[in-house]
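Accompanying notes for the structure given below.
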Amino acid sequence: MSDHTTQEFPPDPAFTEQAVGQAELFAQADADPEGFWADQARRYVTWSKDFTEVLDWSNAPFARWFADGELNVAHNCVDRHVEAGHGERVAIHFEGAEGDTQTITYAELQRRVCQAANALTELGVATGDRVAIYLPMIPEAIVSMLACARLGAPHSVVFGGFSADAIRSRVADAEARVVITADGQHRKGKVAPLKAAVDQAVSGEDSPVEHVLVVRRTGGDVDWSDKDVWWHDLVDRQSDRHEAQPMPAEHPLYILYTSGTTGKPKGILHTSGGYLTQAAYTNAVVHDVHPESDVYWCTADIGWVTGHSYLVYGPLANGATQVVYEGTPDHPHQGRWWEIIQKYGVTILYTAPTAIRTCMKWGAEIPAKYDLSSLRVLGSVGEPINPEAWLWYRKNIGGDRCPIVDTWWQTETGAIMISPLPGVTSLEPGSAQRPIPGISAEILDDAGEPFTEAEKVGYLVLTKPWPSMLRGLWGDPERYKDTYWSRFGDKYYFAGDGAKYDDKGNIWLLGRVDDVMNVSGHRLSTAEIESALVSHPSVAEAAVVGAADDTTGQAVCAFVILREGAEQSDSTVEELRSHVAKEISPIAKPKSVMIVSELPKTRSGKIMRRLLKDVAEGREIGDATTLTDASVMDFIKQGMSQR
Ligand code: ATP
Ligand code: MG
């Protein structure tokens, strides 16, 4: 691929001096990986009982980390900060969708979590029982997760907005005894129902659900059954004292389903000690969190793994102060996020490429109206961030001074795996760069051999177990082995993503292996063609799929969203096709370019290429249960049929 970004951004020495993550970590981790993780476990986590063994890999690929240690995850995220004298520190600046706000200190969070834990106990929830959580982004969501963790009752968070079917299947899979929900949720100035979907999902004799705990958020009308109990009736009258019991390190913490970008979502199981260790360590060294001075903001929804690791467990374990925002970026206006950063003096922002590209589409003049000078670190997660979007983010949000950490990881990995360390790494736009200290990755060829040649496309694998790795798929050990540990034998964790090195040895993520196209015998990556399209001044977002083609095997089909003000015409389409040919090669030139106003995305903001491929190949569209807005596909299908 032609390189339109040879730019490099070396760390600012002033940043390095104060950085949490220092270069020595790499050498320490290389010299003694297990000793390194033991150090992090003792640095970032308080153990009720110290561990004697670090890793037990004797039953590979089922890992056990710090197995004879004991801890309580909620105690680590809340109580210990109060005990250390930080009770008055703000844990959560809550910014509600309707402009309502709450300031929740660690002491207040402790009281709320204790009350919720007592309430769940009254409902019969005991250690090991599963609880489903289907809530908007309100403090009760975080309180509920921590109350479950406190009791050792694994939670299964389901995105608010998924259908009754999605809730029903997740509740059934986990055999949840309790569901926590709300009467409704605020969406762009309107009230959307929430409980109705739960009512449907828990109806019938065969539902394992005994109780539904309902937060009053919108005050809208709801149907009521004898399973239902109001949060304010039950939780508010509980004692705000609760003794947290230590749990074994391998006690299950939660089940969470993957985004469903490549197929039916998988129920990923995470446990306590190793997970918390890596979530807290990465949040500290990658986001450079200084709990006493930073105001951190992760924009992810708690229904996504990023919300679990970097909104709940990581930052709270570190005792950080953070912003939690319930609303959308464009309500009541497109400057809403930047207004929030200005209001709270946010210093660290962690968001997704889709959000950056949307802001690019709206135009740089919107963030320019706000004071963003408090920011000092920016992060990205969820998809490859195209160099163009990276540079836009750095310039228009980061004031040309903030390091950007492009963090590669998965629901399965539990925490960040490949990312620059701010203050250490010289940044390269568009590349997630290197495994962080403690993590080992390789790129394999078709024969399963590791290689280091630049620009050759291969398969990303992880070569050593890591503390926050999934412990399996809930109730399906065989599928766990098949999906992750069989493609290249049981030595390699197969991530499912294509990757390459550049000539500096940086890793570039190239999209899903399933999405790599074969055009006239040439392998092309979706991510590279999309980046080429986004590098054109008219384009805000692009999705590329390979559709079956009689002559070339596969043909490149592109779907693009134009930037504000760009002309929607045949000549634009021609220009974009030639632009790709010039940027990459004539082989990559899209056979078709369709201009659309929206792309199908998961609730976590990832483009669902498989649905576009279904349309491009004229099939019924597949599992769309995790799609944000089903009408997007109707528009795209209509557009296709008119061509
Ligand atoms: P499913 O596994 O159900 O298809 P999913 O893989 O989208 O869904 P997640 O676990 O939410 O579910 O996403 C992990 C994937 O997101 C990674 O495998 C990778 O493809 C992509 N990803 C995440 N962060 C990055 C990043 N910084 N750069 C490139 N890709 C990323
Ligand atoms: Mg995946």
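The values are calculated or read from the model by the stated rules, or taken from the named source; none is laboratory data. Since the model is a prediction, treat every value here as computed from it, not as a measurement. Reconstructed Cβ throughout: ideal geometry from the backbone, glycine too, with neighbour counts over all protein chains shown. Please note that ligands, DNA and RNA were not included when accessible areas were found on the heavy atoms of the full protein model with its side chains. Shrake-Rupley method; radii C 1.70, N 1.55, O 1.52, S 1.80 Å.
Relative to the dominant Cα principal axis of the chain, helix 631-641 is inclined by about 20°. Within the shell defined by Cβ-Cβ distances under 9 Å, the residues around HIS331 carry a net charge of +2, with Lys and Arg each +1 and Asp and Glu each -1. Per residue, the average separation of C-alpha pairs within less than 8 Å and at least 6 apart gives the chain a relative contact order of 13 percent. Which of the pairs LYS195/LYS361; LYS266/LYS464; LYS456/LYS613; LYS190/LYS395; LYS504/LYS613; LYS264/LYS464 have their Cα atoms more than 29 Å apart in this structure? Checking Cα-Cα distances, LYS195/LYS361; LYS190/LYS395; LYS504/LYS613 exceed 29 Å.
For segment 345-423, the convex hull spanned by the alpha carbon atoms encloses 90 Å³ per residue. Estimated from helical segments only, the mean residue ellipticity of the chain at 222 nm is -8000 deg cm²/dmol, where each DSSP H run of four or more residues counts as -39500 (n - 2.57).
Stokes-Einstein, applied to the Kirkwood radius of segment 418-457 over Cα pairs at a viscosity of 1.567 mPa s and 4 °C, places its translational diffusion at 110 µm² s⁻¹. Angle of helix 139-151 to the longest C-alpha principal axis of the chain, folded into 0 to 90 degrees and rounded to 10: 60°. Taking the alpha carbon gyration tensor of the chain, multiplying each eigenvalue by 5 and rooting it gives semi-axes of 37, 29, 25 Å, largest first. Counting only protein heavy atoms and a probe of 1.4 Å, the accessible surface of the chain is 47% carbon and sulfur. What do you get for the angle between helix 164-174 and the principal long axis of the chain? Use alpha-carbon atoms, 0 to 90 degrees, nearest ten. Value to nearest ten degrees: 60.
On full extension, the segment bounded by ASN59 and SER631 gains 201.3 nm, given 0.36 nm per residue less the C-alpha separation. Spread over its residues, the convex hull of the C-alpha atoms of segment 518-641 is 107 Å³ per residue. Label-to-label distance, VAL191 versus ALA548, with points set 7 angstrom from Cα along the beta-carbon direction: 5.0 nm. Restricting the calculation to Cα atoms, segment 406-559 shows an Rg/Rh of 0.98 when the hydrodynamic-style radius is the Kirkwood one.
Computed over segment 1-157, the Cα gyration tensor eigenvalues convert (square root of 5λ each) into semi-axes of 33, 26, 18 Å, ordered from largest to smallest.
Mind listing which GluC sites (Glu not before Pro) in segment 496-602 are in a DSSP loop and have 16 or fewer other Cβ atoms within 10 Å? Here the sparse-neighbourhood loop sites are GLU564, GLU567, GLU598.
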